Amino acid sequence: MADIFQEVDEDVRRDKHSELWEKYGKFVIAIAVVVVGATAATVSWREYSKNQKLEAGGDFAAAKALVVANKDAEAADAFAKLAADASGGYTWISRLEEAAALARSKNIEAALKIYDALAADSSADENFRQLAKLHAASHLLDSGDAAGARSRLETLTSADSPWRHSARELLGLAAMADGNTAEAIKTFKALSEDATTPRGARARAAEMLAALGGAE
């Protein structure tokens with residue numbers, strides 16, 4: 001990791017911002033997507049375990065087994081059925097899992113439709129609605145749509161949002177994608193100095209800040 005960011009630093013200091021993004025943008029976004037996905041999986045399983053009856057577990061476990069077997073298209077269908085047959089938190093979890101399976105199958109457009117629909121669902125828990133926005137933003141940024149990503153992230157940065165740190169991290173990457181170094185530095189600086197930022201995100205922000213020439 002240190003060698004990668006050393007190369008990033010050298011590129012930035014030569015004012016090769018576009019080259020920097022071309023070389024490392026996908027790599028950094030991939031890290032963010034993994035972090036978001038891992039966090040979502042933890043939240044999903046916690047909510048599932050807390051809220052669902054034992055008899056529902058078989059179908060959910062079977063769908064997750066399809067994911068483990070890399071049968072994402074089948075997993076998406078299984079989670080879609082679970083979402084249709086369930087209610088409350090189980091529905092929201094299944095919709096997130098369906099969208100994730102579709103995204104892994106490279107059907108990003110279908111995944112985005114599910115994420116955006118969940119984000120707009122006023123009956124859904126606010127945490128899940130925000131998580132859907134975060135997932136949509138990460139995929140949009142990965143596909144080069146920084147503006148689309150930003151529009152979903154800007155509502156997630158309030159102090160009461162559980163996803164605010166991930167959202168700010170992705171906003172910093174969106175600024176990089178746009179070539180807006182000053183805004184990227186401002187975002188990563190605030191993230192690295194925030195005592196409430198998780199250790200991993202703070203370390204990444206500090207590394208990006210140093211690479212962009214914004215470290216003091």
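Sub-6 Å Cβ pairs linking a first residue in region 66-86 that is at negative phi to a second residue that is surrounded by fewer than 18 Cβ atoms within 10 Å (Cβ to Cβ) and in a loop (DSSP other than H, G, I, E, B), at least 6 apart or interchain, are Asp72/Ser105; Ala73/Ser105, ordered by first then second residue. Do the conditions hold for Ala132, that is, is it among the small types (Gly, Ala, Ser), crowded, with 23+ Cβ neighbours inside 10 Å and either free of Cβ contacts under 8 Å to residues at least 40 places away in the same chain or assigned to a helix (DSSP H, G or I) (or both)? Spelling it out, Ala132 is indeed among the small types (Gly, Ala, Ser), crowded, with 23+ Cβ neighbours inside 10 Å and either free of Cβ contacts under 8 Å to residues at least 40 places away in the same chain or assigned to a helix (DSSP H, G or I) (or both).
Across region 148-172, which residue is surrounded by the fewest Cβ atoms within 10 Å (Cβ to Cβ) among those that are closer than 26 Å to Asp125 by Cα and small (Gly, Ala, Ser)? Across region 148-172, the extreme among qualifying residues is Ala159. Being among the charged types (D, E, K, R) and over 23 Å from Ala111 (Cα atoms) holds for only one residue in Arg164, Arg199, and it is Arg199.
Would you confirm whether or not region 89-104 contains a residue that is closer than 26 Å to Ala65 by Cβ, surrounded by fewer than 23 Cβ atoms within 10 Å (Cβ to Cβ), at pLDDT 90 or above and over 13 Å from the mean Cα position of the chain (by Cα)? Yes, some residue in region 89-104 is closer than 26 Å to Ala65 by Cβ, surrounded by fewer than 23 Cβ atoms within 10 Å (Cβ to Cβ), at pLDDT 90 or above and over 13 Å from the mean Cα position of the chain (by Cα). Scanning region 96-125 for residues that are of a type outside the set (A, V, I, L, M, F, W, C), closer than 21 Å to Ala62 by Cα and in contact (Cβ under 8 Å) with a residue 24 or more places away in the chain yields Glu97, Arg104, Ser105.
If you go through region 173-216 and pick out every residue that is touching a residue at least 40 places away in the same chain (Cβ under 8 Å), within 21 Å of the chain's Cα centre (by Cα) and surrounded by 16 or more Cβ atoms within 10 Å (Cβ to Cβ), you end up with 7.
On the given criteria, is Ile108 out of contact with any Leu (no Cβ under 6 Å at 6 or more places or on another chain), of a type in the set (Val, Ile, Thr), under 18 Å from Ala136 (Cα atoms) and surrounded by fewer than 21 Cβ atoms within 10 Å (Cβ to Cβ)? Yes: the conditions hold for Ile108.
Among the residues of region 96-115, those identified as of a type in the set (D, E, K, R) and not in a loop (DSSP other than H, G, I, E, B) are Glu97, Glu98, Arg104, Glu109, Lys113. Just one of the numbered conditions (1) in contact with a Ser or Thr (Cβ under 7 Å, 6 or more places away or on another chain); (2) at pLDDT below 90 is not true of Asp72: (2).
The values are calculated or read from the model by the stated rules, or taken from the named source; none is laboratory data. Not measured: the values here are computed from a predicted model. When we count neighbours, we look across all protein chains shown, and the Cβ atoms used for this are built from the backbone with ideal geometry, even at glycine.
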